Amino acid sequence: MISTIVVAVDGSEHQDAVLALAGEIAAKQGARIVLAHALLRAVPYGELYALAERLGFLDRVKDELDQAAATPVMPAAAMGGAIPVIMVSPETLEHMANEVVASARAKLDGLGVPIETRISDKAPAEALVEIATQEKADVLVLGSRGLGRVQGFLLGSVSQRVLHEAPCACLVVK
């Protein structure tokens with residue numbers, strides 16, 4: 001029997017399909033859902049901005065994102081040096097995490113199952129494996145690809161790593 005489902009949420013376009021499938025399983029099994037999110041540290045500023053706009057919370061984080069854009073950091077010459085890097089504060093990333101998780105939770109409201117949230121400051125794969133372990137998950141549901149610079153792989157590097165390291169069954173949603 002499935003009693004705990006950990007669901008990876010990052011605000012990506014794949015998230016709705018992940019939530020729909022996880023919600024359906026949870027409702028049929030009477031399982032609790034744990035929404036798991038890793039702070040979006042490696043996600044470029046432009047994608048963060050687009051994410052906030054797509055999920056409808058740009059108005060609540062726009063000032064914070066604009067402040068980060070106003071103070072870019074010049075990278076070392078070894079990294080190309082000519083393009084400034086925009087560093088988003090940990091507080092802004094936490095604010096965005098709370099918004100992403102709230103958006104995901106709203107899509108699952110009405111299922112009649114318990115929903116909990118966990119936010120981690122670790123790399124996404126490490127965070128998901130750790131949360132699944134701590135929550136004694138029966139199933140971990142995640143998208144085949146999420147947010148990030150490199151797209152086009154058949155299976156994203158996060159989902160690939162999670163499949164190898166997770167302590168439970170994994171369901172990868174396309």
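Among the residues of segment 4-16, is there at least one that is aliphatic (A, V, I, L, M), open to solvent by less than 50 Å² (accessible area, probe 1.4 Å), in contact with a strand residue (DSSP E or B) (Cβ under 7 Å, 6 or more places away or on another chain) and part of a loop (DSSP other than H, G, I, E, B)? Yes, segment 4-16 contains a residue that is aliphatic (A, V, I, L, M), open to solvent by less than 50 Å² (accessible area, probe 1.4 Å), in contact with a strand residue (DSSP E or B) (Cβ under 7 Å, 6 or more places away or on another chain) and part of a loop (DSSP other than H, G, I, E, B). For segment 89-117, the set of residues classified as part of a strand (DSSP E or B) and either open to solvent by less than 60 Å² (accessible area, probe 1.4 Å) or under 18 Å from residue 12 (Cβ atoms) (or both) consists of 115, 117, listed by residue number.
Within segment 118-129, the set of residues being more than 11 Å from the chain's Cα centre (by Cα) and either open to solvent by less than 60 Å² (accessible area, probe 1.4 Å) or more than 21 Å from residue 94 (Cα to Cα) (or both) comprises just one member, 129. Among the residues of this structure, residue 12 counts as one that is modelled with pLDDT under 95 and of a type in the set (S, T, N, Q). Here is the figure for segment 44-73: residues that are open to solvent by less than 40 Å² (accessible area, probe 1.4 Å) and farther than 12 Å from residue 87 by Cβ total 5. Restricting the first member to segment 99-123 and to residues that are more than 25 Å from residue 157 (Cα to Cα), and the second to residues that are open to solvent by 70 Å² or more (accessible area, probe 1.4 Å) and not in a loop (DSSP other than H, G, I, E, B), the beta-carbon pairs closer than 8 Å and six or more apart or on different chains are 107/16; 115/105.
The values are calculated or read from the model by the stated rules, or taken from the named source; none is laboratory data. Since the structure is predicted, the reported quantities are computational estimates derived from the model, not experimental observations. Please note: Cβ atoms are built from the backbone with ideal geometry, for glycine as well, and neighbour counts cover all protein chains shown. Just the protein is used for accessible areas: all its heavy atoms, side chains included, with ligands, DNA and RNA removed. Shrake-Rupley method; radii C 1.70, N 1.55, O 1.52, S 1.80 Å.
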